[in-house]
Each structure stands twice: as C-alpha cells, then as structure tokens.
Amino acid sequence: MNCNFYQIAYSIETLKLSHPSFKIFNQVNKPLYDRRETSHMINFFDSGLVKDDGQFYALVSPKFIQKLKINFHEILIFIEKHKFNDLLLLNTDPKWSYFYFNLWNQGEYFHKGLINTADYINKYKPHTIDFNCRHDVNNSLYSNYWIAKYPFWKRYIEYLKKINKDIDLLPEKEKKLFFLKAENHTAPMYTFILERMLSNYLIAQKDINFISYKYSRKAIINSATSLTDKILLSKYIDIIDKLDDIKDKEKLRNLITQINTIRKTIREQNSLQRLISNVNLFFE
C-alpha cells in the first residue's frame, strides 16, 4: 500500500526534505502564522493533491521523523499492515495518556487557559467539544501526525472549515483569545486547540475505521523525561490500560489524579528529597 507523504515547507529552511521519499508542499509564501498547520491542511486538500484513489496521504511537518522517535521503516510496515483502514494515527506522545485524562487536561497544564478558550467553540454548537471524554493511547493524537485516504480527508477538512467558521463568527474579544500567544510557546492558542480536534472528532464519530500506531510498553516508559515519570509509568501503565479496556472512567480519573499529586509533590522537592522519594516510590 502506497502512502504519499508531503512535507510542509513554510520557510526556505524547511524546503529541505526530512526524508528522501517525501514531496514538498510549498507554503513558503503562505506561512500562515496564526492558523499554521490547520490552514496548511485545508490548502493541501483544496489544492487537489489528495486523490480519491484508495491510497493514503499525509501532510507532515519538517520535524515529523524527529518527533516520532521511531524508524521510518516501522511506519511503512504499520501502513502496509493496516492498509484497509481509512485513518492511521501516529501519536508522538503516548505517555501523556497515562498522566492526563484527556488531551484537554494535558493542554491546559502546558498552556493555561486553553480549555476556557476552546469552550467558545461550543457557543453556537453546544457539545462540539466534550471536555470530559477519555483520550487513551488508542485515540490520542498530537502534532497532526495522521495518514488517511481521500474519504476521511474530505470529511475531516469539512469539519475543520466549520470549526474555523464558528471561531470567525465569535465576537472580536472572544475570537482574539484564540490568536494570543500560548503560555510556554511562541505559537498561538489556536494551534494547540485545533491539533486536539481530531481526537475530539473520533470520540464523536463512531463509524471511522481507524487505528493508532502501538508503541511498546518499554518505549512509552523510556519516552518519559524524568525518573519520577519513568517509575510511575512502570508501576501504573498496565493498570491504566486495563481500566481503559473496561472503560471505568471514574477509577481512571481518580488514579490519574493521584499520580499527578505524586508528580507534583516530587517535582517541588529539592534534589536530595527527589532522590529519596524516587527510591521510596520504586520500592513501594
């Protein structure tokens, strides 16, 4: 099964391909700083490059290979194995499903105010976003790294256009919030809200035939950047997976809250205290 990979080029520097099999989707004269990849995706589909030919198409950033942290050959094997699916997810951060109940909670932690801003999308169409849904390793997605065939592309781009229209219809004071710089980043809040809309969409649309690339247990644990997080993942990853399997949201939410209490407590300690806490946590 072929997949047509296109890399977004939004500057002279990004015209350099990150993989020899990729093609360039040239947006150098359309950097679209406010709406970034969402507008690039819409432009890409509207350009006619996505064909209704049964093949997969992907529009990726120049950091695609680097962010995935896996061999590109593994991606090709994954695509071939699941060639009868309509949509394939390539989640760059599966570890976050074990530390946050959903993508909105994770986004709120890193970009304060994200949930309140995103909630304005519900103003004209209530429940467009469900902030209480569960995003697990199977339906979570960051960075807009997904691969799909024409029918899904058409359907999802129409959805993104509707979301854009709803944002544009907001009073200027509310609309402006989407384009303020997000906390801890140079990109606007819009970028981080819209990249979470695919997972939100999959929760609402039950008929989509999709699957997510499955990282090994070891790979998920190793992706954690702190010793505390590595220990917590090794202790709780299997428990959370089982709770997800039986869809026990109450126990999941309570356990994830407990885990984050531990993370916060240890994070705020000095180096010696953290070492002692991590040793105790490991042997509990």
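Readers should treat all values here as calculations from the given coordinates under stated rules, not as data from a laboratory. Everything numeric here is computed off the predicted structure, so don't read it as measured data. So basically every Cβ, Gly included, is an ideal-geometry build from the backbone, and we count neighbours across all protein chains shown.
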Checklist outcome for this item: Checking rank on 93-99, 124-130, 228-234, with mean other Cβ inside 10 Å and highest first, the result is 93-99, 228-234, 124-130
Checklist entry - Going down the table (LYS181/LYS249; LYS23/LYS51; LYS67/LYS251; LYS81/LYS162; LYS81/LYS214; LYS63/LYS154), which pairs top 22 Å between alpha carbons? => result LYS181/LYS249; LYS67/LYS251; LYS81/LYS162; LYS63/LYS154
Checklist entry - Using the 10 angstrom Cβ neighbour count as an exposure proxy, how do THR92, THR225 rank, fewest first? => result THR225, THR92
Checklist entry - Nearest 0.05, what FRET efficiency do GLN258 and LYS123 give at R0 = 30 Å with Cβ-Cβ as r? => result 0.30
Item to check | the chain: antiparallel DSSP beta bridges as a percent of all, rounded to 5 | outcome: 30 percent
Next on the checklist: Given points 7 Å out from each Cα along the Cα-Cβ axis, report the SER226 to ARG267 separation in nanometres with one decimal.
Outcome noted: 0.5 nm
Checklist entry - So what is the calculated 222 nm ellipticity per residue for the chain, using -39500 (n - 2.57) for each DSSP H run with n of 4 or more, over all residues, to the nearest 500 deg cm²/dmol? => result -14000 deg cm²/dmol
Item to check | Local electrostatic count, ILE208, Cβ distance below 10 Å [Lys/Arg +1, Asp/Glu -1] | outcome: 0
Checklist entry - Do you know the relative contact order of the chain, to the nearest whole percent, from alpha carbon pairs under 8 angstrom that are 6+ apart? => result 21 percent
Checklist entry - To the nearest 10 degrees, how steeply does helix 150-168 sit against the main Cα axis of the chain, on a 0 to 90 scale? => result 80 degrees
Item to check | Fluctuation leader among LEU103, LEU89, LEU180 - the chain, Gaussian network, Cα springs under 10 angstrom | outcome: LEU180
Next on the checklist: Give the separation of the Cα centroids, region 78-114 to region 235-271, in Å.
Outcome noted: 17 Å
Checklist entry - Say R0 is 22 Å: what FRET efficiency, to the nearest 0.05, do GLU158 and ASN209 get from their beta-carbon distance? => result 0.75
Checklist outcome for this item: Here the Cα Rg-to-2.2 N^0.38 Å ratio for region 218-283 is 1.17
Checklist entry - Hey, what's the Cα Rg ratio for region 3-215 versus the globular rule of thumb, 2.2 N^0.38 Å? => result 0.98
